[in-house]
Amino acid sequence: MAETIGEAMDAGWEISARCAWGRREGLKSVRQCLWKHKLDIVTLVATRGRDFPLAMLSQRMRCPVCGSRRVAIAYLPKGEPRLMTMSRSSI
């Protein structure tokens with residue numbers, strides 16, 4: 001089981017995020033935000049570092065549509081680990 005985003009990248013996991021803002025704001029009904037997106041794990045590692053804990057990722061996210069800090073993260077492990085993240089020739 002991976003504990004950091006670097007380990008998740010090496011294992012070939014995919015990370016998906018969605019806005020978790022509900023249908024209520026206090027006592028008022030509001031329109032639910034339907035934003036969801038597959039996150040680029042290489043960009044996450046480049047911006048936060050390989051040792052960034054997976055458990056803290058949802059605390060650092062914000063919905064780009066409604067601005068809510070309530071973002072749910074889904075970790076989708078794959079069957080086979082990724083052998084090499086980036087080749088030297090692509091740099």
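Assuming R0 = 41 Å, can you tell me the calculated FRET efficiency for the pair Glu7 and Arg69, based on Cβ-Cβ distance, to the nearest 0.05?
Plugging the Cβ-Cβ distance into 1/(1 + (r/R0)^6) gives 0.95.
Here Lys28 is the anchor, and the lysines within straight C-alpha reach of less than 24 Å, apart from those fewer than 8 places off in the same chain, are Lys36. Annotation: aspartates and glutamates with alpha-carbon distance below 16 angstrom to Lys78 (same-chain offsets under eight excluded): Glu3, Glu7, Asp10, Glu14, Asp40. Solvent-accessible area of Ser29, probe 1.4 Å, all protein chains present, reported in Å² to the nearest ten, please. My reading of the accessible area for Ser29 is about 90 Å².
Ordered by solvent-accessible area of protein heavy atoms (1.4 Å probe), largest first, the residues Glu7, Glu14 come out as Glu7, Glu14. Proximity of backbone amide H atoms, modeled 1.01 Å from N, is registered between Thr4 and Leu54 at under 5 Å, excluding neighbours fewer than 5 places apart on the same chain. With a Förster radius of 22 Å applied to the beta-carbon distance between Leu76 and Asp51, the computed FRET efficiency rounds to 0.55. Per-residue Karplus couplings for region 67-77, computed as 6.51 cos²θ - 1.76 cosθ + 1.60 with θ equal to phi - 60°, are listed in order as x, 5, 8, 8, 10, 9, 10, 10, 9, 10, x Hz, Gly and Pro entered as x.
A Cβ-based charge dipole, computed about the Cα centre of region 1-61 with Lys and Arg at +1 and Asp and Glu at -1, lands at about 620 debye.
The values are calculated or read from the model by the stated rules, or taken from the named source; none is laboratory data. On a predicted model such as this, the values are computed, not experimentally measured, just so you know. Note that we place each Cβ from the backbone using ideal geometry, even for glycine, and neighbour counts take in every protein chain shown. Side chains are part of the model used for accessible areas, which takes the heavy atoms of the whole protein and leaves out ligands, DNA and RNA. Shrake-Rupley method; radii C 1.70, N 1.55, O 1.52, S 1.80 Å.
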